[in-house]
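The values are calculated or read from the model by the stated rules, or taken from the named source; none is laboratory data. It should be emphasised that the depicted structure is a prediction, and the values quoted were computed from it without experimental measurement. Backbone-built Cβ (ideal geometry, glycine too); neighbour counts: all protein chains shown. Protein only, heavy atoms only, side chains kept; ligands, DNA and RNA dropped before computing areas. Shrake-Rupley method; radii C 1.70, N 1.55, O 1.52, S 1.80 Å.
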Amino acid sequence: MKKTILTAALAVMLAACAQSGYNSGTIAIGKQGSFAVGGTVKTSEGTYTPVPQAIANRQGGAFWDAHQAAVAAGGMTLHGDHASVFYQIPARAKHTPLVFLHGYGQSARGWMTTPDGRAGFNELFLRRRYPVYLIDQPRRGQAGQSTVPAEINAVPDDQFWYAQFRIGVYPNMNEGVAFPKDQAAQEQFFCMMTPDTGTFDTGVITDAMVKLFDKTGGGVFVTHSAGGIIGWTTAMATDKVQGIVAIEPGAFPFPKGEEPPKLQSRFGDVAPMSVAPEEFAKLTHLPIVIYFGDFIPDGLDGTQGGEQWFIRMKMAQQFVDTVNKHGGNAQLIHLPEIGIRGNTHFMFSDTNNDQVAAEMARWLKEQGLDK
């Protein structure tokens, strides 16, 4: 009974915080801009020739003839595999930046305006005076220039992801879901998907993130889904990560020799990532919170989204327990258990995203990361 009363009180408090001016009024931006960070430069063999002789000696011809002749001559560069970063720093900003990394098939856009036109997490935290950095990871979105070739296939699969992200089984939505229900918003959501222009390379992305945190001087890393693994690898590669907020991450590291068994479902498996104990120990030196939303069953229930996120939440708890066993500070928060209900895999786009942001702000303050 006592736990129920506390849960209800917390839900009321978060709802009140969400409505206390964090989603209305003018935001004063002190500085904003964009830049690329990380990446490599690929150089072709040969000698750069501004106007290849074969082209210079003729009259007329196509532009692409000139391009192909220049490429054939060689000696030119390709800049690729960098991350693209858009940032905004509010007036009277706090000292702790929030760095947001998207998940699979997504880009920085996911943190911006929600599919139904409400304030996204970037705005909700700018109003709380946090500097905000939004990332397009290497080989995705505005960072699409890759140094490795890839084939992009135009495969109709929107409805698969609808189920994977626990919105429902298209066209039916889960009962009580907090996802925007009008057709126009759902079309906007589908239009947020963006392809990889090269292979997902953990090392390449981590390198770019390390350089970004060097540039910001530190900050809290907020990751989503497939971006979760980059949160762990980045924090193991630099001491500039001051905390991690992982929204439904898909993979988890464990010290070598302490890996739990792979978890299996009819719709896919999740295996632990094995790392050196001294590397894992770095994750025990910073606060970590992992959030999971609603519509996650208590077992393998035969549903695509349910089974996929049941096994991931189960491994997330094993990860949290292992971090804390080694002296760390990690938490797993299942939103329905604290009275925030209806959330999909995209809790930062759901209709109650202001309540989710208020809960995250509470955790940041609790950890001293709101200075």
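Here Val320 sits with roughly 10 square angstrom of accessible surface, probe radius 1.4 Å. Other residues with beta-carbon under 13 Å from the beta-carbon of Gln145 carry, at +1 per Lys or Arg and -1 per Asp or Glu, a net charge of 0.
Accessible area per residue, 1.4 Å probe, Å², for the chain: what's the number? Write out the running numbers ahead of the final one.
On the way: 16980 Å² over 371 residues.
For the chain, the solvent-accessible area averages 46 Å² per residue.
Using the Karplus relation 6.51 cos²θ - 1.76 cosθ + 1.60 with θ = phi - 60°, the per-residue 3J(HN,Hα) values for the stretch 353-365 come to 4, 5, 5, 5, 5, 5, 5, 5, 5, 4, 5, 4, 5 Hz, with x marking Gly and Pro. Proximity of backbone amide H atoms, modeled 1.01 Å from N, is registered between Val275 and Phe254, Lys256 at under 5 Å, excluding neighbours fewer than 5 places apart on the same chain.
Of the DSSP beta bridges with both residues in the stretch 191-305, give the percent that are antiparallel, rounding to the nearest 5. Show your work: numbers first, answer last.
Details: 3 of 16 bridges.
Taking every DSSP beta bridge within the stretch 191-305, about 20 percent pair in antiparallel fashion.
Taken about its Cα centre, the chain carries a charge dipole of about 1160 debye when Lys and Arg each add +1 at the Cβ and Asp and Glu each add -1 at the Cβ.
For Ala91 and Asp214, compute 0.36 nm times the residue count separating them, minus their Cα-Cα distance, and round to one decimal in nm.
Values: separation 123, 0.36 × 123 = 44.28 nm, distance 2.22 nm.
Gain on extension, Ala91 to Asp214, equals 42.1 nm.
Note the angle between two axes, namely the Cα long axis of helix 202-216 and the longest principal axis of the Cα atoms of the chain, as a number of degrees from 0 to 90, rounded to the nearest 10. The helix 202-216 is inclined about 80 degrees to the chain.
Normalised by the number of residues in the chain, what is the relative contact order in percent for Cα pairs under 8 Å and 6+ residues apart? Could the numbers behind the result be given before it?
Values: 743 pairs, mean separation 67.5, N = 371.
With pairs under 8 Å counted, the relative contact order is 18 percent.
For Pro277, neighbours were defined as the other residues whose beta-carbon sits under 10 Å from its Cβ, and their charges (Lys and Arg +1, Asp and Glu -1) total -2.
Within the listed set Arg140, Arg92, Arg312, the residue fluctuating most in the Gaussian network model of the chain (springs between alpha-carbon atoms under 10 angstrom) is Arg92.
Would you list Thr77, Thr26, Thr197 from the most to the least accessible area, probe 1.4 Å? Don't skip to the end; give the middle numbers.
Working: Thr77 90, Thr26 140, Thr197 40 Å².
The residues order as Thr26, Thr77, Thr197, largest area first.
Label-to-label distance, Thr26 versus Lys256, with points set 7 angstrom from Cα along the beta-carbon direction: 5.8 nm.
Residues in the stretch 118-127 carry Karplus couplings, in order, of 8, 5, x, 4, 4, 5, 4, 8, 4, 5 Hz; the curve used is 6.51 cos²θ - 1.76 cosθ + 1.60 with θ = phi - 60°, and Gly or Pro positions show x. Annotation: lysines with alpha-carbon distance below 29 angstrom to Lys215 (same-chain offsets under eight excluded): Lys31, Lys42, Lys94, Lys240, Lys282, Lys365, Lys371.
When the square roots of the Cα gyration tensor eigenvalues are ordered a ≥ b ≥ c, the ratio a/c for the stretch 96-170 is 1.5 or more and a/b does not exceed b/c, which makes its shape oblate.
Below 13 angstrom from the Cβ of Phe165, what's the summed charge of the other residues (Lys, Arg +1; Asp, Glu -1)?
For residues surrounding Phe165, the net value is -3.
Under the classification rounded if a/c is under 1.5, otherwise prolate if a/b is larger than b/c and oblate if not, where does the stretch 163-266 fall, given a ≥ b ≥ c as square roots of the Cα gyration tensor eigenvalues?
Working: a/c = 2.21, a/b = 1.56, b/c = 1.41.
Verdict is prolate for the stretch 163-266.
Gyration tensor over the Cα atoms of the chain: the corresponding equivalent ellipsoid has semi-axes (square roots of 5 times the eigenvalues, largest first) of 38, 23, 23 Å. Using amide H atoms built 1.01 Å from N in the peptide plane, name the residues 5+ places from Asn343, or on other chains, whose amide H lies under 5 Å from its own. When sequence neighbours closer than 5 places are left aside, the close amide H contacts are Ala178, Asp294. For the pair Glu187 and Ala271, label points projected 7 Å from Cα toward Cβ lie 4.3 nm apart.
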